[in-house]
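Worksheet for the structure shown next.
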Amino acid sequence: MLKKIFLFLLLALIIIQFIHPKPNKASGQQQNYIGNVHPISEDVKSILAKACNDCHSNNTKYPWYSNIQPFDWWLTNHINDGKKELNFDEFTNRSLRYQYHKMEETIKTVKEGEMPLNSYTWIHKDAKLTKEEKNKLIDWAGSIMNAMEAKYPIDSLKKKK
């Protein structure tokens, strides 16, 4: 009986290797990319590329283990959750209030060390942000908020309390 269970599980593991979700791969510059509207320095682009874009853009650089199930399903779910929360490639397609609030959240989560996630930095050691890198991201997000405040009425950026 134990042998049958083991063989069934082994067969199931082999079969699921042929079932993969659609990869998060886009080609070319994205129409609603945040950098099309808000300037991003090369330093910040580099930080976003190594620590944020895999889960918060339309283009993920997949690690080798993404070819193995069930890891691919777990990664896809993780990426989809990240993109739902904040997608830099769809950023300007959202309301001004959303954009402003996401920059507030970026500042908060980076300051508090919530982003990038520990589960990501555990494998991607280079994604661990230094104090200087955190400050650059915080300053960048703050500059976007300041630019928005200068351009739009504040009630289009913040909910009334």
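Descriptive notes on the structure:
- Full extension of the chain between Y65 and N36 gives 7.2 nm of extra length, using 0.36 nm per residue less the Cα-Cα distance.
- Accessible surface of region 33-161 [probe 1.4 Å, protein heavy atoms]: carbon and sulfur percent: 55
- Inter-label distance, nm, simple model (7 Å from Cα along the C-beta direction), I138/I14: 5.5
- Qualifying GluC sites (Glu not before Pro) in region 58-161, DSSP loop, other Cβ atoms within 10 Å at most 11: E112, E114
- Per residue value of the accessible surface for the chain (all protein chains in place, 1.4 Å probe), Å²: 66
- With the helix formula -39500 (n - 2.57) applied to DSSP H stretches of n ≥ 4, the chain reaches a computed 222 nm mean residue ellipticity of -16500 deg cm²/dmol.
- Inter-label distance for A26 and I5, nm, one decimal - labels placed 7 Å from Cα along Cα-to-Cβ: 4.7
- Distance from the alpha carbon centroid of region 130-153 to that of region 1-65 works out to 27 angstrom.
The values are calculated or read from the model by the stated rules, or taken from the named source; none is laboratory data. Only a predicted model underlies this, so the values are computations on that prediction, with no experimental measurement involved. Reconstructed Cβ throughout: ideal geometry from the backbone, glycine too, with neighbour counts over all protein chains shown. Please note that ligands, DNA and RNA were not included when accessible areas were found on the heavy atoms of the full protein model with its side chains. Shrake-Rupley method; radii C 1.70, N 1.55, O 1.52, S 1.80 Å.
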